[in-house]
1. In terms of modelled amide H atoms, which long-range or inter-chain residues lie less than 5 Å from the amide H of B:Leu282?
2. May I ask for the angle, rounded to the nearest 10°, between helix B:295-308 and the longest principal axis of chain B, with both axes built from Cα atoms and the value confined to 0 to 90°?
3. Run lengths n ≥ 4 of DSSP H only: what is the helix-derived mean residue ellipticity at 222 nm for chain A, with -39500 (n - 2.57) per run over all residues, to the nearest 500?
4. Restricting to Cα atoms and excluding each atom paired with itself, what does the Kirkwood estimate give for the range B:249-384 in Å?
5. Does anything in the range B:166-182 have its amide N under 14 Å from the 7 Å Cα→Cβ label point of B:Lys231, and if so which residues?
6. For chain A, what is the convex hull volume of the alpha-carbon atoms per residue, in Å³?
7. Tell me the net charge near A:Ala246. Cut-off is 15 Å between Cβ atoms, A:Ala246 excluded, with +1 for each Lys or Arg and -1 for each Asp or Glu.
8. Under 10 Å, Cα contacts only: if you run a Gaussian network model on chain B, which one of B:Glu328, B:Glu211, B:Glu171 comes out with the highest mean-square fluctuation?
Amino acid sequence: MLAELINPYYLQVASFILINIILGVSIYITLSTGQLSLANAGFMGIGAYTSALLTLNFDLPIIVGILAGTLLAGVFGILIGIPTLRLQGVYLAIVTLGFGEVIRVIFVNWESMTKGAVGLSGIPHMGRELLNTLKDFGFDPKILGLQNNQFVFLAIFLILLGVTISIITFFRRQNRSRVGRAFAAIKLDEKAAESMGINITYYKVLAFAQGALVAGFAGALFAHVLAYISPADFAYHRAVEILIFAVFGGSEVIWGPVFGALFLTVMPEVLRFISEYRYMIYGLIIIIMMAVRPQGLIDVNILNWVKLKTPKRRQKHGTSSQKSI
Amino acid sequence: MRKQLKKFAQFTALSSLLVLSACGGNQAAGDEDGESSGGAVKADIGVISYISGPGAAYGEAITNGLKLAQEEINGKGEVEINLVIEDSAGKQDQALTAAQKLMNSENVTAIIGPTLSTEMNVVGPEADLNGVPIMGTSTTAEGIPQIGDYVFRNSLPEALAIPASIDKAIEKYDAKKVAILYGNDDVFTKSGFDTMKKAAEEKGLEILTIETFQKGQSDYNAQLTKIKGLKPDLILASALYNEGAVIMDQARKMGIDVPFVGGNGFNSPEVINIAGDAANGLIVATPWYGEKEDDKVKEFVSKYEKEYGKKPDQFAAQAYDALYIMAEALKNAGEADRDALRDALAEVKGFNGILGEFSFDEEGDVVMDPTVLVIENGAFKEFN
């Protein structure tokens with residue numbers, strides 16, 4: 001049982017889960033100010049293409065490419081965030097969906113740069129590059145008792161795990177800060193928030209840019225994990241998929257989209273044994289969910305209930321804080 | 001804070017435990033698939049196919065073709081093949097996880113598939129690194145076998161098909177001026193267009209105009225009006241059959257009666273169903289012609305029809321031949337070993353299947369003569 005866990009197959013699935021969790025977080029951030037943005041697939045594409053092109057054409061290290069892709073996506077987030085401030089609800093969704101399509105069409109038509117619909121292949125692979133670099137320093141995975149490909153996927157998995165945990169931690173902390181409270185106030189009532197002195201423009205654009213930044217980051221990781229991208233990967237299907245993470249898991253707390261991404265990525269893999277019916281079941285589960293729990297699976301009540309059910313942890317928490325006093 | 005630190009320490013301890021305990025087990029697992037007992041070479045062959053989603057018809061034809069071949073091959077008793085079929089849903093990430101599962105959990109000797117070239121671009125390098133022979137049966141884009149030594153295909157690439165059909169069309173209609181029309185947002189039609197343009201330039205044809213359209217477009221009058229005004233001798237159209245059929249229909253209604261030359265995606269009986277008489281004059285090159293006067297072909301068609309209730313298309317035929325090629329290589333290799341199978345595959349020459357005589361070149365790409373077909377009076381006929 002334990003021996004199977006180092007199987008590259010499980011690590012591969014786990015890597016996609018982690019990337020999807022990051023995407024889920026990206027839509028959660030914009031949703032936490034009450035803005036429904038469907039541009040995340042577009043931002044993801046910007047991140048992926050920027051990083052892939054930089055590493056392919058200029059031989060930059062992957063980490064530089066990923067950072068550049070992330071930042072560029074963030075800049076686009078600000079550029080799109082400002083003019084769309086006045087829009088709300090469905091109108092914002094339409095505009096952002098349009099933006100995503102514009103990005104995709106640019107990738108399709110800018111053939112000299114992006115090779116059009118054929119896509120970019122041969123993008124440096126995060127794990128393999130890492131292995132090669134380490135080998136130059138005289139490191140061999142065999143020291144750890146691992147085969148090359150086991151090491152590659154373990155490395156990717158651990159990197160992504162670290163990144164995902166830091167992102168979730170960051171946004172959980174932000175939620176409990178002044179910024180998080182401002183987001184919550186804007187979500188509940190914009191006018192009231194404004195009259196309380198909250199700078200709505202600043203916080204809404206901030207949320208939008210953060211969402212774009214995180215989505216661009218996920219896109220850059222996606223490019224270097226898959227080593228091949230094409231414009232079709234960032235079409236509106238992707239935008240809807242990301243949205244479903246939040247809709248399914250719930251968008252009130254950060255654990256909602258995280259759980260949604262986890263569950264909806266694992267589901268098709270678990271259902272592999274019934275191959276052609278698996279997407280039917282996938283669809284059925286979503287329909288049942290929407291009928292039974294329209295607010296998403298995980299909300300504040302569920303979290304509180306879970307906390308109540310585990311009194312031990314609360315006690316421990318209490319005693320430890322007493323000690324530290 | 002302390003609690004979090006403790007949690008983190010627990011987590012790292014647990015994960016490092018997993019890593020350590022996992023190292024031992026998997027190395028032994030890799031050696032198991034080399035077994036061959038009692039004469040017949042036993043092998044697990046993984047299949048990655050597009051079974052669910054909008055392109056499920058491809059996956060269905062491919063798996064049907066494979067199952068039919070498997071039955072026949074196992075019946076002969078020289079090679080015993082067990083197929084492990086996984087779905088990719090036409091998505092790269094799904095294809096990759098399916099491939100990982102086949103290579104690492106199922107320990108297959110070789111993989112057939114995936115269905116789309118985009119999927120192969122992702123799966124191919126991984127299989128090559130792991131030393132698992134992989135053969136595409138429907139991947140026609142450029143550069144697929146060039147991914148690595150372990151990557152093969154038996155599907156007729158556009159680079160062979162399109163020049164063959166253009167050649168024949170030039171010969172017959174004495175064409176000098178052509179117009180090109182293609183879908184620019186699809187990998188398949190885009191790479192078909194690249195091949196078309198290259199072929200047209202090489203053959204010294206004058207390209208009057210290059211027009212584009214998008215997937216799902218329904219009105220092509222703007223592009224066709226322009227083409228009509230330029231009076232080409234031939235229209236090269238890189239389109240999938242659903243858009244392609246509509247284009248032909250609108251072109252004929254507008255009075256454009258020159259022949260069309262299509263890519264592999266245009267090659268479907270559906271064109272005739274959708275466009276009716278307007279489909280007459282479409283020229284395509286195909287590896288598969290079901291009406292061929294050949295015993296093997298006739299036998300395959302009748303068996304397939306009996307089993308699945310419809311006529312086999314090129315995807316079924318290519319998959320059927322692919323498994324036979326695999327079986328041949330397995331027999332020559334003598335054992336279900338990935339490296340031995342790769343070497344045996346690379347040596348396949350002059351294999352005689354339902355698609356005709358087939359060989360791999362040194363890169364693992366296809367060497368064969370395509371059949372050029374034309375639609376006349378609502379049916380595909382050999383074009384001479």
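1. Placed amide hydrogens put B:Phe260, B:Ile375 under 5 Å from B:Leu282.
2. For B:295-308 against chain B, the angle is about 70 degrees.
3. One gets -24500 deg cm²/dmol as the mean residue ellipticity at 222 nm.
4. 16.9
5. Within reach of a label on B:Lys231: B:176-178.
6. Roughly 185 Å³ of hull volume per residue.
7. 0
8. B:Glu171
Coordinate-derived values only; no laboratory data. Worth saying up front: this structure is predicted, and the values here are computed from it rather than measured. Every residue, glycine among them, receives a Cβ derived from its backbone with ideal geometry; neighbour counts consider all protein chains shown.
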